[in-house]
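Everything on this sheet refers to the single structure shown next.
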Amino acid sequence: MSFRLARLFSFTLLTLSASTTLLAAAAATGPTLIWRGDITTARGVMVEAAKIWEKSGKGKIELQPFNTASGIDAVNKGTADIAGSARASTGGAEASLTFTPVAWDALVMITYPSNPVSNISMKQLHDIYFGKITNWKDLGGADQPINLYAVASPADGVEFSLRRLLFGRGNQPVAAPRLYVNVSKLEEGVTLDHNGLGATTLAGVSGNKKVKILSVDGVAPSMSTVGSGAYALYTPIYLVTREDNPKAAQIKEFLDMAVSAQAATLLRTHSLLPYAEGANLAAADASRRATIASTVGTRANVGEPMSAAPAAVAAAPAVASATPFPGPQVPKKPGAKAAAAKSGVNAGVATTAAEESQFAKVTSGVVTTAHAGFAGILADAITVSDQAARGGKFAKVTGDAVVVRGKPVAKPVAPADSSEKPSQKINVAPPKAAAAVEPKAKAKVAEARAPAATRSYTVAQGDTLYSIARKHAVDIAEVRKLNGLKNDNVKLGQVLKLSASR
């Protein structure tokens, strides 16, 4: 055999040997799992989890970070095996998917480092997103406009979770003209804008010197304040899967690893609280949302529970400091009811009374001139009762109560299972309290009775359909009907009818 043939034979043997080794390794590692989802979950969870998985020799993880909606859609269609999400399921097409919570993250507001504002109240945050506050001077800063940034997709995990807490629904339209495809691009925008403000997560910007993280109601976001519930704007981080995926066995094994003690150590390095260490936060969720709703003057979507934790997570011990979020306290001393009656009701109403109410089944806006029991209420009626299942004075009232005083024009509607008689009155405010606001009430009644032409309003900068309806004390559903609107979107300069001619 010539030297040349010998070299060629040796090369062939080496090539075949290497190919055999690679094939054996590929067979041992199993299929590649494709993950797609939001930047938040990628940075905080998946980068480290993928390293652990691959080092264990169980396979590869292909990461495709973009945003929540794209990830969930890919899992639904079968083009990805796992999705990352900073929000729970919204139902519909997502109802068949499994949302496994693996960690707790803080929703944080960021601005430019030199901005003098360091703290923002929950009410101020609500009003900024609603377009009521548009200048930093109203927050104690410079006389400069607030440039509010948001992610374009309202179904994005961060945006949806934040709006759900502030407005009671995650798809609430907001006054944010600067839109980005994901939180990573939003963060870049804020680093270049001295007047910028936007929402992201603690895991994404912890240690980032190019942005400033604001405290909310005087509480700075951290693993500690999230775990105790002191920082109210927290959200679970989920991994989303389909049970009928052909790779279900490998996916389950990966999820088990993602909630393991080894993974928990890595989560903490990204300022994420392992889900099991804050499990009591889920139990406090309804109380937290009711408290936020009472603070900002909107409705609490308390009937929408967080996704359940997997058995491996639920069985783990919770942190002792994770206590239910503190809600408004109702006096329990003997003279409390009488004292409340003397003071009258002219602001938000909170109650924990257990008796059924004639308004216990109300689930939308209430406008009435008939019932004396609500005379003097000039703001929202929001229930924070944990006994809502039995029916408090305002149990299940999830919309606005707009009331003026006048003669009865309709009989109160009694609930089907109420033990009260239809004619029974609910005395929330006494005659004295009602008399104090009677001039204004009479003016409203007179306006309602007097013939008037069609009222209209021209949409201004920062207006939303909800804020317009609330400002003019009209029913938002009626405004939609009068103007032929299919949703809550309005345009600058658009003329809206607020009432039909009478």
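Rg to Rh ratio, the range 105-204, alpha-carbon atoms and Kirkwood radius? Could you put the intermediate results ahead of the total?
Details: Rg = 12.4 Å, Rh = 13.4 Å.
Looking at the range 105-204, the ratio lands at 0.92.
What's the center-to-center distance, using Cα atoms, between the range 234-254 and the range 78-153 in Å?
Using only Cα atoms to place each centre, the spacing works out to 25 Å.
Pulled fully out, how much extra length does the chain show between R480 and R268, if you take 0.36 nm times their separation in residues and subtract their Cα-Cα distance?
On the way: separation 212, 0.36 × 212 = 76.32 nm, distance 4.72 nm.
Full-extension gain reported as 71.6 nm.
Stretched out fully, how many nm does the piece from K137 to A460 gain, at 0.36 nm a residue minus the Cα gap?
114.2 nm
Could you pull out the pairs from K185/K210; K137/K209; K471/K491; K132/K471; K137/K212; K51/K185 whose alpha carbons sit more than 19 Å apart here?
Correct reply: K137/K209; K51/K185.
Can you give the extra length, in nm with one decimal, that the chain gains between D217 and E243 once fully stretched, where that is 0.36 nm per residue apart less the Cα-Cα distance? The partial results should precede the final answer.
Numbers: separation 26, 0.36 × 26 = 9.36 nm, distance 4.15 nm.
Once the chain is fully extended between D217 and E243, it gains 5.2 nm.
Tell me which GluC sites (Glu not before Pro) from the range 191-280 have a DSSP coil assignment and no more than 13 other beta carbons within 10 Å of their own. Spell out each step's value before the answer.
Numbers: sites: E243, E253, E277; in loops: E243.
Of the GluC sites (Glu not before Pro), the ones in loops of the range 191-280 whose Cβ has at most 13 other Cβ atoms within 10 Å are E243.
Report the relative contact order of the range 80-212, percent, no decimals, based on alpha-carbon pairs under 8 angstrom and at least 6 residues apart.
35
Give the span of the range 112-159's Cα atoms along each principal axis, as three whole-Å numbers ordered largest to smallest.
Result for the range 112-159: principal-axis Cα extents of 32, 22, 17 Å.
Read-outs: derived from the displayed coordinates by stated rules, not from any lab. The shown structure was predicted, so the numbers you read here are calculated from the model rather than taken from an experiment. Note that each Cβ is placed from the backbone with ideal geometry, even for glycine, and that neighbours are counted across all protein chains shown.
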